[in-house]
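This report concerns only the one structure given below.
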Amino acid sequence: MRSPKDFFRPLALGAPQPVREIPFRPSRALHFFDPGNPKMAAKVPDLAGQVDVLVGNLEDAVPADRKEAARAGLVQIGKSTEFGQAQLWTRMNSLDSPWALDDLLTLVPEIGDKLDVVIVPKVEGAQDIHYVDRLLAQLEAKAGLQRPILVHAILETATGVANVEEIAAASPRMQGMSLGPADLAASRRMKTTRVGGGHPGYLVRTDPVGEDITVGRQTFQQDLWHYTVARMVDACAANGILPYYGPFGDIRDTVGCEDQFRNAFLLGCVGAWSLHPAQIKIAKKVFSPAPEDVAWARRVIREMGDGTGTVMIDGKMQDDATVKQCRVVAELADQLAA
Ligand code: GLV
Ligand code: MG
């Protein structure tokens, strides 16, 4: 069996070496914009001060006859914008489209020094990542780039979910992975017609209380995405890369959006997409640990001393394993505050 390393051979032209250790940079809100839309493009400099990541979207939602304009717009924005602390990512077109190769051939030489991450949509297996990885290595070497562009996969086909572990392990260039609930729903032949979020029909009902099965029963809506997010989180954690919830399409439903993002945060995700400025605030809030949780985590760490054994705090038992959980929360708070 070939290891992922066999597929990643840096070119002998001084090409930068992708690193496995991803230095921490906040990525709570991945804010999508259409770089070919002049109104949206004009807002990018302002948004750079508000979001962790700006994603110039070239794929779905950009009409076929505006693909070139979007790509050209992204080049223009990449060259002319001061991004400060924000990262610039792009979602390229999918590898089965006529635009994917041109996306990479244009973006790497033109703005490769500004691009932190390329999001690859509809990834089905390790072979898709290997293809992008090798192309990036060639183009980076040709452009003399000193820093590798990282790769982020969208998990949005049934085959991709079946191969999630090999995708996460496919290259040292892998930065992370997002759930793509809209395409995934179609690929799985789910019967939803929305972009992410829940569905009122996907529920459990409490048992009947008496003879009349219509009386006194409560229903609870279930999370359609729990299984996939959990699989994605495990694959990412096992390979040292970062998991993200993807889009939440009902922009008006800020409450549902916050709930969906929070479920993802609690399960291990580090961020989510924002499709509208209203969702930036939600993502930044949800994916930053709450002050009271941080205070509790620090208290447990303090009272646990060398981190072994047990202590009782407010009637709750703490031990080696709870202190590890508390370190995750406290470290994230420290990283975000730095
Ligand atoms: C995102 O691309 C999705 O399909 O949900
Ligand atoms: Mg999609």
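The values are calculated or read from the model by the stated rules, or taken from the named source; none is laboratory data. From a predicted model like this one, the values you see are computed outputs, not experimental measurements. Cβ: placed from backbone, ideal geometry, glycine included. Neighbour counts: every protein chain shown. All accessible areas refer to the heavy atoms of the entire protein, side chains included, with ligands and DNA or RNA removed. Shrake-Rupley method; radii C 1.70, N 1.55, O 1.52, S 1.80 Å.
Taking the criterion of being within 16 Å of ligand 2 (Cβ to nearest atom), aliphatic (A, V, I, L, M) and open to solvent by less than 10 Å² (accessible area, probe 1.4 Å), the residues of the stretch 133-163 that qualify are Ala153, Ile154, Leu155, Val161. Among the residues of the stretch 25-41, those identified as among the aliphatic types (A, V, I, L, M) and touching a residue at least 24 places away in the same chain (Cβ under 8 Å) are Ala29, Leu30, Ala41. Listed conditions (1) within 23 Å of Val44 (Cα to Cα); (2) within 16 Å of ligand 1 (Cβ to nearest atom); (3) hydroxyl-bearing (Ser, Thr, Tyr); (4) surrounded by fewer than 16 Cβ atoms within 10 Å (Cβ to Cβ) are all met by Ser80, apart from (2).
Considering only residues in the stretch 297-319 that are crowded, with 18+ Cβ neighbours inside 10 Å and in contact (Cβ under 8 Å) with a residue 24 or more places away in the chain, the one that is nearest to Ala337 (Cα to Cα) turns out to be Ala297. Here Ile251 passes the criteria (1) of a type outside the set (Asp, Glu); (2) closer than 14 Å to Gly196 by Cβ; (3) more than 16 Å from ligand 1 (Cβ to nearest atom) except the one numbered (3).
Within the stretch 84-99, the set of residues being away from ligand 1 (no atom under 16 Å from the Cβ) and within 12 Å of His31 (Cβ to Cβ) comprises Ala86, Gln87, Leu88.
Every residue, every condition in (1) closer than 19 Å to Gly268 by Cα; (2) open to solvent by 20 Å² or more (accessible area, probe 1.4 Å), yes or no:
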position: Asp223; (1), (2): yes, yes
position: Arg231; (1), (2): yes, yes
position: Asp234; (1), (2): yes, yes
position: Ala238; (1), (2): yes, yes
position: Tyr245; (1), (2): yes, no
position: Gly249; (1), (2): no, yes
position: Arg252; (1), (2): no, yes
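Quick one: in the stretch 193-221, of everything that is assigned to a loop (DSSP other than H, G, I, E, B), surrounded by 12 or more Cβ atoms within 10 Å (Cβ to Cβ) and away from ligand 1 (no atom under 11 Å from the Cβ), which residue is nearest to the chain's Cα centre (by Cα)? So the residue we want is Gly198. Taken over the stretch 158-192, the criterion of being within 12 Å of ligand 1 (Cβ to nearest atom), among the hydroxyl-bearing types (Ser, Thr, Tyr) and more than 15 Å from Gln222 (Cα to Cα) is satisfied by Ser178, Ser187.
Within the stretch 235-256, being part of a helix (DSSP H, G or I) and out of contact with any helix residue (DSSP H, G or I) (no Cβ under 8 Å at 6 or more places or on another chain) holds for Ala237, Val255, Gly256. Filtering the stretch 307-333 to residues that are under 25 Å from Cys269 (Cβ atoms) and among the hydroxyl-bearing types (Ser, Thr, Tyr) leaves only Thr322.
For the residues Ala297, Ala283, Ala272, the requirement of being assigned to a helix (DSSP H, G or I), closer than 24 Å to Gly240 by Cα and under 14 Å from the mean Cα position of the chain (by Cα) singles out Ala283.
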